[in-house]
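Trainee: A single structure is presented below for examination.
The values are calculated or read from the model by the stated rules, or taken from the named source; none is laboratory data. Note that this is a predicted model, so its numbers are computed, not measured. Don't worry about glycine lacking a Cβ; one is built from the backbone with ideal geometry, like all the others, and counts go over all protein chains shown.
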Amino acid sequence: MEWGISTTPLYEGDLGMNFNAIRTALAAVLILTIGCATGKTRVEGTSPSKSAPSQALKPIKKSKGTYSVQKGDTLWGLSSKESNYGDPFAWPLIFKSNKGKIQDPDLIYPHQELVIQKGFTAAEMAKAKKQAMDTPPYSPHTKPRETLPVNYDE
């Protein structure tokens, strides 16, 4: 086998087919990127169709369900369930909805009947997530704390 300089350009032959495939893939990525970066977002309660900017948002109907706490349950785990909020950081919503039943969000007990309220606005969800993120990491305790680390009533 002899080694030498090829006179075939890189864009011809098998490499040319690979180059074309790469160029096509990059074009597709570019089109998707531009399409996704238009800056337009949907607001909950609106349709994806083009509507007049003055169209009022429909209020979100709040509903309630109940849940009987099982051994090993946590507010984090309950809020993670798709049937509830599908987001573990939404646990302050359950805590606030059950202030008369839960003294400390780290301590819930089997057979407690908790209210799972639904239909929160995006602002209420964002506030709950911020409160969850502001909460310090769990440290084991068996009795409710006298002072909670975050004011969840705000």
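Trainee: Among (1) touching a Gly at 6+ places or on another chain (Cβ under 9 Å); (2) under 18 Å from residue 147 (Cα atoms); (3) of a type outside the set (Lys, Arg), there is one condition residue 91 misses while meeting the rest; what is its number?
Mentor: That leaves (2) as the condition not met.
Trainee: Could you please give the count of residues in region 130-149 that are under 22 Å from residue 100 (Cα atoms) and in contact with a Pro (Cβ under 8 Å, 6 or more places away or on another chain)?
Mentor: Of the residues in that region, 5 qualify.
Trainee: Got a number for residues in region 49-81 being at pLDDT 95 or above and of a type in the set (D, E, K, R)?
Mentor: Qualifying residue count for the region: 3.
Trainee: Can I ask one more? Given 101, 129, 118, which one is out of contact with any Asp or Glu (no Cβ under 6 Å at 6 or more places or on another chain), surrounded by 13 or more Cβ atoms within 10 Å (Cβ to Cβ) and free of Cβ contacts under 8 Å to residues at least 24 places away in the same chain?
Mentor: Residue meeting the stated conditions: 101.
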